[in-house]
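The values are calculated or read from the model by the stated rules, or taken from the named source; none is laboratory data. Remember, it's a predicted structure, so these values are computed and weren't measured experimentally. No Cβ is skipped: glycine too gets one built from the backbone with ideal geometry, and neighbour counts run over all protein chains shown.
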Amino acid sequence: MSSTAATEKTKFPASFWTANIVELFERSAYYAIFIGITLYLTDVVGFNDIWAAWIGGVFSAGLYFLPPFAGAYADKIGFRKALLLAFALLAVGYFSLGLFPYKAIVIPSLVLVMFGGSFIKSVITGTVAVTTDTANRARGYSIFYAMVNVGSFLGKTFAYPIRLELGLEAVNYYSAALCFIALIAVYFYYKGVDSGSDKKSVKEIVDGMLRVVKNTRLVMLILIITGFWIIFHQLYATMPKYVIRLVGQSASPEWIANVNPLVVVTFVIVVNKIMKKYTALSTMTVGMFIMPVSALIMAASPWLTGITGNLINILGFFTAHPVTVMMIIGIVFQALAECFISPRYLEFFSLQAPKGEEGLYLGFGHLHSFLASLLGFGISGYLLTMYCPDPATLTAEQALTAYDSAYMIWVIFAGIGLVSALALVLYGKYYGYGTHGQEK
């Protein structure tokens, strides 16, 4: 084959690039909103911490639960129509969140965003699959995951100055504008992409999910890993309110959260190389024990405050609050834990499935994120109410001591992480390291 022919074979079509660019826009829109969703629901809309947490949790959980079903519908109507529908729903949903921040309207608006967002991952990954070949598929998926991470980083980066200068409502307009631009891009540039031959009906998807939830071995694994992701979801459920209430409105939970993807991108390949000679379960177990350590570090800000006072001089360049410093260090450890767990989880999950049915079961490998969203956000609302309450609900006298035990939130989450880590050790001892559902 000539070099010209090889270049033609590995060249990505316009629809591939369009899909990846709109993926970047959608992720930027989503994370700009998601990092402050509970703040918006409480400070702007007027829900208390408990209601805001449950609403945010159901919203997040829906985005993990619905994609297989949205993907089946996208296969039926075609990828182009599905993307046009998705971005129309997203643009309208985000715009209405900014324009109508009222309890009766916010929930239907979030439902629009939830349904619109549920199409994106299945359609974009499907597009990558059908617009690449064996020569460039790995590179195609690498570009896709890069777009996801860049979009996440940019969304949170821009959300901070928008919130400070224009308010939380304005972040919704930023997200709506991005999705409207993506809608226009899809309309003009996304063409000629077939949904492929691997199509599943809703009935087949439901049947597959029922088979997974009837498999005790897999259900136990999902429940154990849920403990890890419950702590991870506090990056969005608890951390923004915690930091702003303890540090002040000028605090930057949006930028603090960006520490996670930076560390993951930097270290995930290194961790994989170091751990490649170890089993998936052993590697995951290391990460599971790092996670409660990360939560304990986040809880240690009162100790640091006692040593340094309310401001720490960072090498003479700038100052930071002890809460911010310990949160960043904790998130670094959290991201390292993710480097040990995320790449190996699906590998291990597939080995627990009956032989020959790995693909079917992997389609539901992320049920832990559905559960972690519900439980993580739900638990957060009660803990915030107890240990780090909304300042609007406090008298001046109450405010003097209301946050003295705020660190207990992270101690409790550390306990959840430790129990999950020990449970994974017991899981390995009971079920063994065998493959395809066979015990040792």
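Considering (1) crowded, with 16+ Cβ neighbours inside 10 Å; (2) among the hydrophobic types (A, V, I, L, M, F, W, C); (3) touching a helix residue (DSSP H, G or I) at 6+ places or on another chain (Cβ under 6 Å), say which one VAL202 fails and leave the rest.
Evaluating VAL202 over (1) crowded, with 16+ Cβ neighbours inside 10 Å; (2) among the hydrophobic types (A, V, I, L, M, F, W, C); (3) touching a helix residue (DSSP H, G or I) at 6+ places or on another chain (Cβ under 6 Å) leaves (1) as the failure.
LEU210 - would you say it is more than 30 Å from ALA299 (Cβ to Cβ) and surrounded by fewer than 23 Cβ atoms within 10 Å (Cβ to Cβ)?
yes
Within region 86-106, can you find the residues that are farther than 14 Å from ALA176 by Cα and either more than 22 Å from the chain's Cα centre (by Cα) or modelled with pLDDT under 95 (or both)?
Of everything in region 86-106, those that are farther than 14 Å from ALA176 by Cα and either more than 22 Å from the chain's Cα centre (by Cα) or modelled with pLDDT under 95 (or both) turn out to be PRO101, TYR102, LYS103, ALA104, ILE105.
Scan region 227-279 for residues that are among the polar types (S, T, N, Q), under 30 Å from TYR382 (Cα atoms) and part of a helix (DSSP H, G or I) and jot them down.
GLN234, ASN260
Scan region 232-250 for residues that are of a type in the set (Gly, Ala, Ser) and buried (at least 21 other Cβ atoms within 10 Å of the Cβ) and report the count.
Here the count works out to 1.
Look through ALA74, ALA61 and report the one residue that is in the same structural domain as PRO161 (by TED's automatic domain parsing), part of a helix (DSSP H, G or I), crowded, with 21+ Cβ neighbours inside 10 Å and modelled with pLDDT of 95 or more.
Working: ALA74 fails: modelled with pLDDT of 95 or more.
Being in the same structural domain as PRO161 (by TED's automatic domain parsing), part of a helix (DSSP H, G or I), crowded, with 21+ Cβ neighbours inside 10 Å and modelled with pLDDT of 95 or more holds for just one of ALA74, ALA61, which is ALA61.
Does LEU371 satisfy the condition of being modelled with pLDDT of 95 or more and under 23 Å from the mean Cα position of the chain (by Cα)?
Numbers: modelled with pLDDT of 95 or more: yes; under 23 Å from the mean Cα position of the chain (by Cα): yes.
Criteria met by LEU371.
With (1) outside any helix (DSSP H, G or I); (2) within 26 Å of LEU422 (Cβ to Cβ) as the list, and LYS200 as the residue in question, which single condition is left unmet?
Of (1) outside any helix (DSSP H, G or I); (2) within 26 Å of LEU422 (Cβ to Cβ), only one is false for LYS200: (2).
Has region 113-136 got at least one residue that is assigned to a helix (DSSP H, G or I), exposed (fewer than 14 other Cβ atoms within 10 Å of the Cβ) and not β-branched (Val, Ile, Thr)? Before you say what the answer is, go through the steps one by one.
Let us first name the residues in region 113-136 that are assigned to a helix (DSSP H, G or I), namely 113-130.
Filter again for exposed (fewer than 14 other Cβ atoms within 10 Å of the Cβ), leaving none.
No, every residue in region 113-136 fails to be assigned to a helix (DSSP H, G or I), exposed (fewer than 14 other Cβ atoms within 10 Å of the Cβ) and not β-branched (Val, Ile, Thr).
What number of residues in region 386-407 are within 28 Å of the chain's Cα centre (by Cα) and of a type in the set (Val, Ile, Thr)?
Initial filter on region 386-407 (within 28 Å of the chain's Cα centre (by Cα)): 386-391, 403, 405-407.
Remaining after also requiring of a type in the set (Val, Ile, Thr): none.
Count: 0.
Output the number of the condition that ALA299 fails; it satisfies all remaining conditions of (1) under 20 Å from ILE409 (Cβ atoms); (2) touching a Ser or Thr at 6+ places or on another chain (Cβ under 9 Å); (3) among the small types (Gly, Ala, Ser).
The failed condition is (2).
Can you say whether ILE224 is out of contact with any Lys or Arg (no Cβ under 8 Å at 6 or more places or on another chain) and over 23 Å from GLY117 (Cα atoms), as far as the supplied structure shows?
yes
Within the group TYR407, TYR387, which residue is at pLDDT 95 or above, buried (at least 21 other Cβ atoms within 10 Å of the Cβ) and assigned by TED's automatic domain parsing to the domain that holds VAL219?
Exactly one residue qualifies, and that residue is TYR407.
Among the residues of region 12-52, which ones are closer than 21 Å to MET386 by Cβ, among the hydrophobic types (A, V, I, L, M, F, W, C) and surrounded by fewer than 23 Cβ atoms within 10 Å (Cβ to Cβ)?
First, pick out the residues of region 12-52 that are closer than 21 Å to MET386 by Cβ: 37-39, 41-43, 46-52.
Restricting the remaining residues to those that are among the hydrophobic types (A, V, I, L, M, F, W, C) gives 37, 39, 41, 47, 50-52.
Matches in region 12-52: LEU39, PHE47, ILE50, TRP51.
Going by the conditions given, is ILE55 touching a residue at least 40 places away in the same chain (Cβ under 8 Å), of a type in the set (A, V, I, L, M), in a helix (DSSP H, G or I) and surrounded by fewer than 20 Cβ atoms within 10 Å (Cβ to Cβ)?
Against the criterion (touching a residue at least 40 places away in the same chain (Cβ under 8 Å), of a type in the set (A, V, I, L, M), in a helix (DSSP H, G or I) and surrounded by fewer than 20 Cβ atoms within 10 Å (Cβ to Cβ)), ILE55 does not qualify.
Of all residues being buried (at least 17 other Cβ atoms within 10 Å of the Cβ) and not small (Gly, Ala, Ser) in region 413-429, which is farthest from PRO389 (Cα to Cα)? Just the residue, please.
For region 413-429, the residue satisfying everything is TYR427.
For region 154-175, which residues satisfy the criterion of being crowded, with 21+ Cβ neighbours inside 10 Å and either within 16 Å of the chain's Cα centre (by Cα) or in the same structural domain as VAL263 (by TED's automatic domain parsing) (or both)?
Correct list: GLY155, LYS156.
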